[in-house]
Amino acid sequence: MALDKTISWDLDLIKRYDLSGPRYTSYPTAIQFDTSLSETQLVESGQTTTDTSAPLSLYIHIPFCAHVCYFCACNKVITRNRKKAQPYLDTLYKEIEQVAKWYSDKRIVNQLHWGGGTPTFISDEQMAELMNKIKQEFNLLDDDSGDYSIEIDPREASYETMQTLRKVGFNRISLGVQDVNPAVQEAVNRIQPTEQTAAVLKSARELGFKSINMDLIYGLPHQTFESFNETLDTVVAMSPDRLSVFNYAHMPDRFRSQKHIN
Ligand SMILES: C[S@@+](CC[C@H](N)C(=O)[O-])C[C@H]1O[C@@H](n2cnc3c(N)ncnc32)[C@H](O)[C@@H]1O
Ligand code: SF4
């Protein structure tokens with residue numbers, strides 16, 4: 001939702017969408033995975049799409065993170081060893097080549113999203129190479145008219161990295177923030193000064209990114225109504241174009257780092 005000064009509350013719309021939904025960060029979302037679909041059916045479904053000119057949406061997952069945030073329920077690999085990225089990318093390139101064969105090359109990619117983990121864990125050169133590979137295999141728009149977005153951990157995004165991302169074709173970013181309160185940040189093992197987040201947002205604006213989202217989570221340790229209100233004030237003062245405000249999902253049996261959170 002665009003952060004506009006005039007807010008109109010449409011009760012019917014609110015009622016229609018007042019449901020639990022999957023977090024946007026996984027595509028397809030976990031509940032859509034279905035083991036009854038065979039590989040042959042998957043390939044056929046790509047090849048026999050009725051409307052071969054329909055645009056495509058691509059999702060690329062980069063699972064690595066250098067540090068663990070205790071609340072995290074994403075599909076990730078925590079490592080400081082940056083060398084782990086290249087073997088993953090080599091396998092990803094094979095998958096890109098394979099999947100690209102299933103779809104007509106007439107189909108334009110009008111939506112591209114890189115998520116994680118932390119996509120900027122890989123080097124600027126690796127990001128440029130990955131984008132080149134996608135461009136070789138798929139029909140990407142080269143006039144900045146597609147929605148090409150990437151998830152950014154502001155702790156892992158220098159100005160040079162932001163320049164690289166814009167240069168290779170991204171025009172939307174999503175910044176992980178969660179909460180700006182120091183006690184909350186300490187409790188979830190994610191120390192992220194607000195100035196660092198603001199600097200990445202500023203560079204994104206300078207570089208012409210069209211849409212800047214911020215992720216927040218409510219339900220984290222030490223949060224109170226007042227403290228989260230302060231987080232919202234701080235975030236709104238930075239003027240992002242969108243906010244994704246997630247309800248903390250606590251599943252310590254599946255995500256062991258959540259055991260740090262009582
Ligand atoms: C892949 S991360 C975003 C990119 C980057 N790794 C970062 O943290 O800045 C996806 C988002 O999912 C949300 N998230 C992760 N674990 C969650 C949980 N247990 N409950 C609710 N939201 C969660 C966070 O808001 C996080 O920013
Ligand atoms: S929230 Fe982001 S940076 Fe933190 S562990 Fe999860 S994917 Fe990694």
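Mind checking whether some residue in the range 55-74 is more than 16 Å from ligand 2 (Cβ to nearest atom), surrounded by 12 or more Cβ atoms within 10 Å (Cβ to Cβ) and in a loop (DSSP other than H, G, I, E, B)? Yes; the residues of the range 55-74 include at least one that is more than 16 Å from ligand 2 (Cβ to nearest atom), surrounded by 12 or more Cβ atoms within 10 Å (Cβ to Cβ) and in a loop (DSSP other than H, G, I, E, B). Scanning the range 43-77 for residues that are more than 16 Å from ligand 1 (Cβ to nearest atom), of a type in the set (Ser, Thr, Tyr) and either under 15 Å from the mean Cα position of the chain (by Cα) or at pLDDT 95 or above (or both) yields a single hit, 57. State yes or no: is residue 177 in a helix (DSSP H, G or I) and either within 16 Å of ligand 2 (Cβ to nearest atom) or farther than 30 Å from residue 259 by Cα (or both)? It is false that residue 177 is in a helix (DSSP H, G or I) and either within 16 Å of ligand 2 (Cβ to nearest atom) or farther than 30 Å from residue 259 by Cα (or both). Against the numbered list (1) more than 29 Å from residue 71 (Cβ to Cβ); (2) within 16 Å of ligand 1 (Cβ to nearest atom); (3) of a type outside the set (A, V, I, L, M), residue 117 comes up short only at (1). Scanning the range 4-18 for residues that are assigned to a helix (DSSP H, G or I), of a type outside the set (Asp, Glu) and open to solvent by 100 Å² or more (accessible area, probe 1.4 Å) yields a total of 4. Contact annotation: residue pairs with Cβ atoms under 6 Å, 6 or more positions apart or on different chains, pairing a residue in the range 38-57 that is farther than 16 Å from residue 111 by Cβ with a partner that is open to solvent by less than 80 Å² (accessible area, probe 1.4 Å) and not hydrophobic (A, V, I, L, M, F, W, C), are 46/103; 52/104. Scanning the range 217-246 for residues that are over 19 Å from the mean Cα position of the chain (by Cα), within 28 Å of residue 259 (Cβ to Cβ) and hydrophobic (A, V, I, L, M, F, W, C) yields a total of 3. Among the residues in the range 237-257, are any at pLDDT 95 or above and β-branched (Val, Ile, Thr)? No, the range 237-257 contains no residue that is at pLDDT 95 or above and β-branched (Val, Ile, Thr). Somewhere in the range 185-201, is a residue farther than 30 Å from residue 258 by Cα and not basic (Lys, Arg)? So far as the range 185-201 goes, no, none of its residues is farther than 30 Å from residue 258 by Cα and not basic (Lys, Arg). Scanning the range 181-207 for residues that are in contact (Cβ under 8 Å) with a residue 40 or more places away in the chain, open to solvent by 30 Å² or more (accessible area, probe 1.4 Å) and part of a loop (DSSP other than H, G, I, E, B) yields a count of 3.
Against the test of being away from ligand 2 (no atom under 16 Å from the Cβ) and either at pLDDT 95 or above or of a type in the set (D, E, K, R) (or both), the options 155, 107, 190 yield a single qualifying residue, 107.
Residue-wise test of (1) free of Cβ contacts under 8 Å to residues at least 12 places away in the same chain; (2) more than 13 Å from residue 60 (Cβ to Cβ).
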{"residue": "94", "(1), (2)": "yes, yes"}
{"residue": "116", "(1), (2)": "no, no"}
{"residue": "122", "(1), (2)": "no, no"}
{"residue": "128", "(1), (2)": "no, yes"}
{"residue": "140", "(1), (2)": "no, no"}
{"residue": "150", "(1), (2)": "no, no"}
{"residue": "156", "(1), (2)": "no, yes"}
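Within the range 101-138, which residues are at negative phi and touching a Phe, Trp or Tyr at 6+ places or on another chain (Cβ under 6 Å)? Of everything in the range 101-138, those that are at negative phi and touching a Phe, Trp or Tyr at 6+ places or on another chain (Cβ under 6 Å) turn out to be 109, 112, 113, 121, 133. Scanning the range 158-174 for residues that are within 16 Å of ligand 2 (Cβ to nearest atom) and either assigned to a helix (DSSP H, G or I) or touching a Cys at 6+ places or on another chain (Cβ under 9 Å) (or both) yields one hit, 161.
Against the numbered list (1) in contact with an Asp or Glu (Cβ under 8 Å, 6 or more places away or on another chain); (2) within 16 Å of ligand 2 (Cβ to nearest atom); (3) open to solvent by 70 Å² or more (accessible area, probe 1.4 Å), residue 114 comes up short only at (3). Given the conditions (1) within 16 Å of ligand 1 (Cβ to nearest atom); (2) among the aromatic types (Phe, Trp, Tyr); (3) open to solvent by 10 Å² or more (accessible area, probe 1.4 Å); (4) not in a loop (DSSP other than H, G, I, E, B), and given that residue 93 satisfies all but one, which numbered condition is not satisfied? Only one criterion is unmet by residue 93, namely (1).
The values are calculated or read from the model by the stated rules, or taken from the named source; none is laboratory data. If you're wondering where the values come from, they're calculated on a predicted model, not measured in any experiment. Neighbour counts run over all protein chains shown; Cβ positions are idealised from the backbone, glycine included. Remember, those area values only see protein heavy atoms, side chains included, never the ligands or the DNA or RNA. Shrake-Rupley method; radii C 1.70, N 1.55, O 1.52, S 1.80 Å.
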